[in-house]
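J.: Mind having a look at this structure? Questions to follow.
Values in this text are rule-based calculations from the coordinates and carry no lab data. Here the structure is a predicted model, which is why all the values come from computation and not from measurement. Backbone-built Cβ (ideal geometry, glycine too); neighbour counts: all protein chains shown.
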């Protein structure tokens with residue numbers, strides 16, 4: 001089961017968050033051979049992707065970094081969205097690691 005964590009994203013800025021991935025015993029999962037992917041959508045049923053996270057894995061530490069550029073966050077309208085992040089093993093097993101709301105707050109400086 002995925003962990004639920006809400007994200008707060010400032011519109012028009014670069015955004016980065018690190019997610020710690022652990023195994024069933026609570027130890028950091030070695031992510032060698034794993035891929036990761038994450039998306040933001042307006043609703044769970046939406047067929048349109050609002051933004052796709054760039055992801056990078058730190059294999060030995062079990063950390064996955066999710067990031068969006070300032071251009072990507074500028075294109076998001078302020079409001080509530082949903083997101084999740086999955087990892088896929090070399091054997092093709094996909095696991096949802098984290099999910100929740102992504103709240104985009106508007107900015108003043110342009």
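J.: Using a Gaussian network model of the chain with C-alpha springs under 10 Å, which one of 97, 17, 82 is most mobile by mean-square fluctuation?
T.: 17
J.: Which shape class applies to the range 53-110: rounded if a/c is under 1.5, otherwise prolate when a/b exceeds b/c and oblate if not, where a ≥ b ≥ c are the square roots of the Cα gyration tensor eigenvalues?
T.: Prolate.
J.: Using a Gaussian network model on the chain with a 10 Å cutoff between Cα atoms, which of 83, 34, 44 fluctuates the most?
T.: Evaluated over the chain, the most mobile residue of the options is 44.
J.: Can you match Cα Rg over 2.2 N^0.38 Å to one of these, (i) 1.10; (ii) 0.95; (iii) 1.03, based on a calculation from the structure here?
T.: Read-out taken from this structure: (i).
J.: Normalised by the number of residues in the chain, what is the relative contact order in percent for Cα pairs under 8 Å and 6+ residues apart?
T.: Value for the chain: 39 percent.
J.: Let me ask another. Connecting C-alpha atoms closer than 10 Å in a GNM of the chain, tell me which of 36, 75, 67 has the biggest fluctuation.
T.: In the Gaussian network model the winner is 75.
J.: Okay, which of the range 77-110 sit inside 12 Å, backbone N to the point 7 Å along the Cα-Cβ direction of residue 23?
T.: Taking a point 7 Å out along Cα→Cβ of residue 23, no residue of the range 77-110 has its backbone N under 12 Å.
J.: Per residue of the chain, what 222 nm ellipticity follows from adding -39500 (n - 2.57) for every DSSP H run with n ≥ 4, rounded to the nearest 500?
T.: Estimated from H runs of four or more residues: -1000 deg cm²/dmol.
J.: In the range 3-105, what percentage of the DSSP-assigned beta bridges are antiparallel, given to the nearest 5?
T.: 85 percent
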